[in-house]
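Taking it in order: structure first as structure tokens, then the write-up.
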Amino acid sequence: MERRPRISPNILITGTPGVGKSTICKILSERTKYTWREVSKLAEEFNCLDEYDPEYHCPVLNDDKMLDIMESMMEKGGNIVDYHGSEFFPERWFDGVFVIRTNNTILYDRLVARGYSGKKLEDNIQCEIFEVLLEEAQNSYKPEIVKELQNDTQEQLLANVENIIEWIEKWKEDNL
Ligand SMILES: Nc1ncnc2c1ncn2[C@@H]1O[C@H](COP(=O)(O)OP(=O)(O)O)[C@@H](O)[C@H]1O
């Protein structure tokens, strides 16, 4: 079946926990009126959490159920999807993938402030150091749609939002 083109792009905002995905998505959704889809919240809302992971003390996402639920949401475009992962989504969903990055020391402080400690804290810092989410995005989407944005300071936060808004305008010029 031929897919109808989207009139607004779908955007994925990804990166290690604490890099500022929610902060960016909130401002971006207010500015663009696109719908902010926090996958972890959707998972709770639609009962897509399965068994408990004893190592990380968090529930495990039921990928297939989550994807089924999100499919119809993604159809028309105009979504800003917020998730610390990118490979489990169908590639065709996204027009732009933004990998948010933060300096390790700054990220450490943010995660401590959030109450992370021990293995959970260390694993997330390692995840950022080894660019796990960047590599995952680069392996899952065409290189021309994957962009890395540094998000250490308030100034960078505002610049990142502007950058994504400009990207949306450009997408519209090129696609509509
Ligand atoms: N550019 C930034 N400069 C300073 N603090 C930031 C910036 N972006 C996010 N923060 C702060 O970092 C913390 C984690 O941000 P959050 O958006 O919750 O990250 P994520 O959604 O990726 O887990 C929050 O306290 C937020 O206010």
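Data overview
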quantity: Which listed residue is farther than 23 Å from residue 70 by Cα, of a type outside the set (Phe, Trp, Tyr) and away from the ligand (no atom under 14 Å from the Cβ), from 118, 96; calculated: 118
quantity: Helices (runs of 4 or more DSSP H) completely within segment 60-169 that count 1 or more residues being touching a Pro at 6+ places or on another chain (Cβ under 9 Å) and β-branched (Val, Ile, Thr); calculated: none
quantity: Any chance residue 42 is aliphatic (A, V, I, L, M) and under 20 Å from residue 94 (Cα atoms); calculated: yes
quantity: Selected residue (only one of 155, 169 is within 14 Å of the ligand (Cβ to nearest atom), closer than 22 Å to residue 26 by Cα and among the charged types (D, E, K, R)); calculated: 155
quantity: Complete set of residues in segment 1-42 that are surrounded by fewer than 16 Cβ atoms within 10 Å (Cβ to Cβ) and assigned to a loop (DSSP other than H, G, I, E, B); calculated: 1, 2, 3, 4, 5, 7, 33
quantity: Verdict on residue 29 being among the small types (Gly, Ala, Ser), within 16 Å of the ligand (Cβ to nearest atom) and touching a residue at least 12 places away in the same chain (Cβ under 8 Å); calculated: yes
quantity: Matching entry among 119, 142, 147 (being in contact (Cβ under 8 Å) with a residue 60 or more places away in the chain and surrounded by fewer than 17 Cβ atoms within 10 Å (Cβ to Cβ)); calculated: 119
quantity: Segment 32-59: number of residues that are away from the ligand (no atom under 16 Å from the Cβ), out of contact with any Pro (no Cβ under 6 Å at 6 or more places or on another chain) and under 26 Å from residue 20 (Cβ atoms); calculated: 11
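Bear in mind these aren't lab numbers, they're just calculated from the coordinates by the rules spelled out. Remember, predicted model here, so these are calculated numbers, not experimental data. Neighbour counts run over all protein chains shown; Cβ positions are idealised from the backbone, glycine included.
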